[in-house]
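Only one structure is covered here, and it is reproduced in the block below.
The values are calculated or read from the model by the stated rules, or taken from the named source; none is laboratory data. Since this is a predicted model, take the numbers as computed values, not measurements. Don't worry about glycine lacking a Cβ; one is built from the backbone with ideal geometry, like all the others, and counts go over all protein chains shown. These accessible areas exclude ligands, DNA and RNA; they are computed on the full protein's heavy atoms, side chains included. Shrake-Rupley method; radii C 1.70, N 1.55, O 1.52, S 1.80 Å.
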Amino acid sequence: MEFSLETINKIGYYVYRLIDPRNGQTFYVGKGKGNRVFQHVQGAIDYYDGIDKKEIDESNDPNKLRIIQEIREAGLEVIHIIQRWHLTEAEAFEVESALIDAFPGLANIQSGHGNEYGVCNAKELEARLSAKVYEEPKDFKYMIIKVRWWRIEEMTQKFGPSNARYESTRGCWRIRMPDVNKYPYVFSVTDGIVKEVYKVKEWHVAGERKEFSGDVAEKEIRERFIGKRIPDSYAKRGMASPVLYSK
């Protein structure tokens, strides 16, 4: 299916949901214009058709495309829902972000625009906004990896509460291989607050992504940063990437 040119000229930017007809669940939220909403199905066709399933690397198999392929193999079609249309691009960013918050566990690789302003408990919001901002260290550089609360919940079920944050933070990320000597520490941040600090031993290649192995940082390092808020320069709108580097 495609939108007609007449519809494209009238619809403007829009926010959409992809629904799995097998269970009625929304598995992806996106924004775009033109025929963007329909391009994911074609992407799955291009990705899978002509490929021996035995050759597919699961670590490099995007969740969204895998779900679409399973729907196709069941003889069904993805349900395309336009949630809101006739939007400006900025409005589409905000609506998309709100929807991503409303549907935890989506196949979206990246969180929505402005997700630091998303859904949260009132007590957590007070703790976050009243927390002191840490001072930029002059003795070392570091990386910030932002981890969403629902990701922690997923990893808790898989690895247990003691390892959930570490597994959620360490990978896998679409980044260049970081220099451990240049960035020896990783700050695990949720809702703008440093929840843990890890000292990196090494980075590994995992398919097309990277992940690190390491341990919790020294006591004095953890005491300096855990429970404190990241500087505003790392939380500005437009900084949607979950991985940031200190200056």
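Quick check on Val95: is it at pLDDT 90 or above, within 20 Å of Val29 (Cα to Cα) and open to solvent by 30 Å² or more (accessible area, probe 1.4 Å)?
It is true that Val95 is at pLDDT 90 or above, within 20 Å of Val29 (Cα to Cα) and open to solvent by 30 Å² or more (accessible area, probe 1.4 Å).
Going through the range 210-242 one residue at a time, which ones are among the hydrophobic types (A, V, I, L, M, F, W, C) and either crowded, with 16+ Cβ neighbours inside 10 Å or outside any strand (DSSP E or B) (or both)?
If the condition is that a residue be among the hydrophobic types (A, V, I, L, M, F, W, C) and either crowded, with 16+ Cβ neighbours inside 10 Å or outside any strand (DSSP E or B) (or both), then Phe212, Ala217, Ile221, Phe225, Ile226, Ile230, Ala235, Met239, Ala240 are the ones that fit.
Can you name the condition, by its number, that Ile144 falls short on among (1) surrounded by fewer than 16 Cβ atoms within 10 Å (Cβ to Cβ); (2) at pLDDT 95 or above?
(1)
Tell me, which residue of the range 177-192 that is in contact with a strand residue (DSSP E or B) (Cβ under 8 Å, 6 or more places away or on another chain) and not in a strand (DSSP E or B) is nearest to Val147 (Cα to Cα)?
Among residues in the range 177-192 that are in contact with a strand residue (DSSP E or B) (Cβ under 8 Å, 6 or more places away or on another chain) and not in a strand (DSSP E or B), the one nearest to Val147 (Cα to Cα) is Gly192.
Could you say whether any residue in the range 193-209 is part of a strand (DSSP E or B), over 18 Å from Lys141 (Cα atoms), open to solvent by less than 40 Å² (accessible area, probe 1.4 Å) and charged (D, E, K, R)?
No, that holds for no residue.
Tyr245 versus (1) open to solvent by 10 Å² or more (accessible area, probe 1.4 Å); (2) touching a helix residue (DSSP H, G or I) at 6+ places or on another chain (Cβ under 7 Å); (3) of a type in the set (Ser, Thr, Tyr): which is the lone unmet condition?
Only one criterion is unmet by Tyr245, namely (2).
Any chance the range 55-78 includes a residue that's at pLDDT 90 or above, among the acidic types (Asp, Glu) and open to solvent by 60 Å² or more (accessible area, probe 1.4 Å)?
yes
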